[in-house]
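Undergrad: Pasting a structure here, questions to come.
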Amino acid sequence: MGQSASDQSLKKQYNMCVRGAAFTPGQWAGNFATGLATWWDPQDGSIYKHEHPPLPQGVTPEGLAAKAERVLASNATARAFTDALVNQPNAFKAPDAQGKLSTYSKVMVVDHKESGFSGAIYMNENGHAVVFYPGMNGRSDPASVSADVVSYWQSEQGLVNNQAGRAQDLYVTAASMAKSVETVGMSLGTVHTNMLAGLYGAKGTNLSDIGLPPVYMTDESVKNIRNNIISMRVEGDAPPKFPVLNVGGYKDGFLFAGQVFGKTIDLQRPKDEEILKAVHDLTPQHNKYVDKSYPCEGGLEHLPQAYMVAQENNAAAKESPVLASTMKAMSALTN
């Protein structure tokens with residue numbers, strides 16, 4: 001079926017295509033070279049090697065597990081993610097599973113360019129914190145994506161990645177100040193959420209899950225992920241492909257702990273125009289961070305806004321009437 005003139009016009013005006021940042025040829029080549037070097041010798045530049053960083057004194061796995069609680073409605077996590085990591089407002093509203101709205105206020109946002117790590121903590125009026133971990137498309141600086149590439153290949157090659165310490169610190173910070181805490185991760189960020197679930201029983205929702213790094217693959221970690229991680233994937237949002245290298249976790253499945261062992265929810269892919277309208281209405285500033293050299297059909301489904309629309313469509317079809325009504329009302333605020 002052909003696209004209407006209005007759809008084509010919208011796509012041309014808001015040409016949001018693929019995975020997150022507009023790279024110059026030099027940046028693309030630099031990131032590729034960095035990834036290749038890390039794949040070839042992952043221990044070169046590795047901070048932690050095979051040893052996970054210890055918890056701060058006085059913090060225990062049992063204490064962290066006691067704070068873990070899922071409060072956000074699973075079909076509201078992508079909108080919350082988009083608010084927290086794209087818009088970064090001082091506060092936003094989000095529903096729980098029963099449709100009751102809470103106000104989540106910004107506690108802190110972290111952006112460490114040297115390691116590539118970024119994340120945010122928001123907490124509601126009841127003392128419940130959400131820790132957000134973005135993927136590469138959550139970053140606003142294309143040149144710094146090379147640090148994310150390093151962490152990905154370290155994880156894939158069986159090492160503790162260079163972002164693990166800061167990811168753990170952010171979660172510990174949230175748990176220390178909140179009555180309860182949960183995580184929301186996307187793409188590369190799900191490496192951190194799966195790590196935290198595997199080690200400490202953290203409860204979370206993963207969008208575009210790339211799973212648990214092999215270094216953490218134990219029976220206990222797999223059990224923790226099975227009990228605590230909800231994994232969501234929009235149809236067509238496949239993992240990154242490396243046709244030249246074609247090695248490791250994606251091929252043998254080890255990185256898919258959240259997908260294989262956790263609860264998986266498949267979301268119907270929204271139409272291109274639905275995704276583009278969500279970008280335009282909610283995050284028009286995101287335009288400049290997206291690579292326009294790819295056709296839209298090649299990557300729109302990886303955007304957090306695609307997950308937002310897909311979740312809200314899913315809620316309307318499957319969730320409770322109260323929650324669906326609440327989310328429909330929230331969606332109308334941006335239209």
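Undergrad: Within 10 Å of each residue's Cβ, count the other Cβ atoms and sort Glu51, Glu273 from fewest upward. Could the numbers behind the result be given before it?
TA: Details: Glu51 10, Glu273 17.
Neighbour counts put them in this order, fewest first: Glu51, Glu273.
Undergrad: Still on this structure, please answer the following. Exposure proxy check: Val145, Val109 ranked by fewest other beta carbons within 10 Å? Spell out each step's value before the answer.
TA: Values: Val145 24, Val109 14.
If I rank by nearby Cβ atoms, fewest first, I get Val109, Val145.
Undergrad: For a footprinting-style exposure proxy, rank Val71, Val130 by other Cβ within 10 Å, fewest first.
TA: On the way: Val71 19, Val130 28.
Ordered by Cβ neighbours within 10 Å, fewest first: Val71, Val130.
Values quoted throughout were computed directly from the atomic coordinates according to the rules given, and no laboratory measurement underlies them. Predicted model, so just to flag it, every value in this text is computed and none were measured. Reconstructed Cβ throughout: ideal geometry from the backbone, glycine too, with neighbour counts over all protein chains shown.
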